[in-house]
1. How about the range 198-225: which of its residues are touching a residue at least 40 places away in the same chain (Cβ under 8 Å) and among the polar types (S, T, N, Q)?
2. So, in the range 25-38, exactly how many residues are touching a Pro at 6+ places or on another chain (Cβ under 9 Å) and either among the aliphatic types (A, V, I, L, M) or assigned by TED's automatic domain parsing to the domain that holds Gly303 (or both)?
3. Of the residues Pro237, Pro233, Pro217, which is outside any helix (DSSP H, G or I), under 29 Å from Pro42 (Cβ atoms), at pLDDT below 90 and assigned by TED's automatic domain parsing to the domain that holds Leu274?
4. Considering every residue within the range 74-86, establish whether at least one is more than 29 Å from Leu249 (Cα to Cα), in a helix (DSSP H, G or I) and not hydroxyl-bearing (Ser, Thr, Tyr).
5. Scan Glu271, Glu323 and give me the residue that is in contact with a helix residue (DSSP H, G or I) (Cβ under 9 Å, 6 or more places away or on another chain), acidic (Asp, Glu), part of a helix (DSSP H, G or I) and crowded, with 18+ Cβ neighbours inside 10 Å.
6. With the requirement that a residue be at pLDDT below 80 and within 19 Å of Cys226 (Cα to Cα), what does the range 251-274 give you?
7. With Met309, Met293 as the choices, which residue is under 23 Å from the mean Cα position of the chain (by Cα), surrounded by 15 or more Cβ atoms within 10 Å (Cβ to Cβ) and either in a helix (DSSP H, G or I) or of a type outside the set (Gly, Ala, Ser) (or both)?
Amino acid sequence: MKARTLLGALALVVLSLLVWELRWVLLVLFGAVVLAVALDVPISLLRRILPLNRPTALAIVLVVLVLVGWQIANLLLPEVIQQIQQLIQLFPVLTRRLAALVSQVPWLHDMERQLTSGTYWERLQPLGAQVLGVAGGAANTSIQVLLMALLAILMALDPRSHQRLVLAATPAFYRARMATLLSECREALGGWLAGMTISCLVVFLTTWAGLALLGLPLALLSGLVCGLLTFVPTIGPSAATLLPLAVALLLASPVKVLQVLVLRLVLQNAEAFLLTPVLLKRTVNLLPTVALMSQLCLGALLGLPGLLMALPLVVVLQVLCEEVLVRDIMDRWDGR
C-alpha cells in the first residue's frame, strides 16, 4: 500500500510539472474551446431553423460574421482611427499638465530631479530590452490567436468526434456521467458567452450615447474600450473608466469629470447588478470574490491571456465542482 501511495504521489507531481510546462499550450486549447462554443451557439440555432448539416451551417456563420464585421468596421473604424489620432495629439497636453503639477508639488519635483540623475537613468536603461520583449510577445500572441481560431473552427466542425475522444479517455463506469458533465459545461459556457456579449454591446452603446450627450470628445473610442473591457468583470470596467475621465480632465472642466464619473458609475452598477445577473441567472452565477480571485491568480501566473481566460475557466470549474465534488463525492460521503 505504501508503494502504491508513493507511486501515485510521484505520478501526481510529474503530472503537475507537465501541466505547468505546457500551460501555454493548454491555455490556447482552452481558448479554442471557448471560441468553438461561441461558434456552436449560432450554429445550433441555425440548424434548428433550417435543415442544414454542420459544415454548411458553420460556413454560413463564418460568412455572416465576416460580413457583419466588415460592415461594422466600415461604419466605425474611420471614426475610431480619427479619435485615436486625437488621443495621441492629447499626449503633449497631458505632459504639460503633469509638468505644471510637478512644479507645484515639492516632493514630485525632487523625484523628477532624481530620475534625471545618472544613477536612476542607468536603472531605466534596461527598459529598452523590456520593450523589445513586449514586441516579441505581441508577435507570439498573434500566432497563438490564429492557432486558437483554427482549432476552434476544427472543433466546431465536428464536436462529436472530440467529445468521443474525451469519453474514450474516461473509465467505462463514468462515461455516461462524463457525457452529462460535458453537456452541462457547454451549456454554462455558451450561456456565459451569450450573456457577456449582450452586456458588452449594451455597455458600448449606452456609454457612447451618454458621453456623446455630455459633449465629451472621443466618445466612440471611450465607449468601445468600456464595452470590450466588460469581458473582464470587476477589473475591466474600472480600468476602462480611466480613458473618459482622462479626456474630460484634459479637454473639459472638473464639472465634466464629475458628470463622466457619475455616468460610468451608474452604467457600471446597472450592468453588474441588474443586466448581467438577469442574463446569467439560468446558466451560471459567479460570486464577485471568486471572479476577482481567479482573475488575480491567473493574471499573476499567465499575464494578460490568463486574465482574459479566467472567467470562462471558472465557469467550467464551477460546474465541475458542483457536479463532481459536491454531488458525486461530498453528498455521498457518509463519514464511515
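1. Selection gives Ser199, Thr206, Thr207.
2. Adding up the residues that qualify gives 6.
3. Within the list Pro237, Pro233, Pro217, the selection yields Pro233.
4. For the range 74-86, residues more than 29 Å from Leu249 (Cα to Cα), in a helix (DSSP H, G or I) and not hydroxyl-bearing (Ser, Thr, Tyr): present.
5. Glu271
6. Once the filter is applied, which keeps residues that are at pLDDT below 80 and within 19 Å of Cys226 (Cα to Cα), the range 251-274 yields Ala272, Phe273, Leu274.
7. Met309
Table: residues versus (1) outside the structural domain of Val28 (by TED's automatic domain parsing); (2) assigned to a helix (DSSP H, G or I); (3) within 19 Å of the chain's Cα centre (by Cα).
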position: Ile143; (1), (2), (3): no, yes, yes
position: Leu146; (1), (2), (3): no, yes, yes
position: Ala149; (1), (2), (3): no, yes, yes
position: Ala152; (1), (2), (3): no, yes, yes
position: Leu165; (1), (2), (3): yes, yes, no
position: Arg175; (1), (2), (3): yes, yes, no
position: Ala179; (1), (2), (3): yes, yes, no
position: Glu184; (1), (2), (3): yes, yes, no
position: Leu189; (1), (2), (3): yes, yes, yes
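The values are calculated or read from the model by the stated rules, or taken from the named source; none is laboratory data. Keep in mind it's a predicted model, so treat the numbers as computed, not measured. No Cβ is skipped: glycine too gets one built from the backbone with ideal geometry, and neighbour counts run over all protein chains shown.
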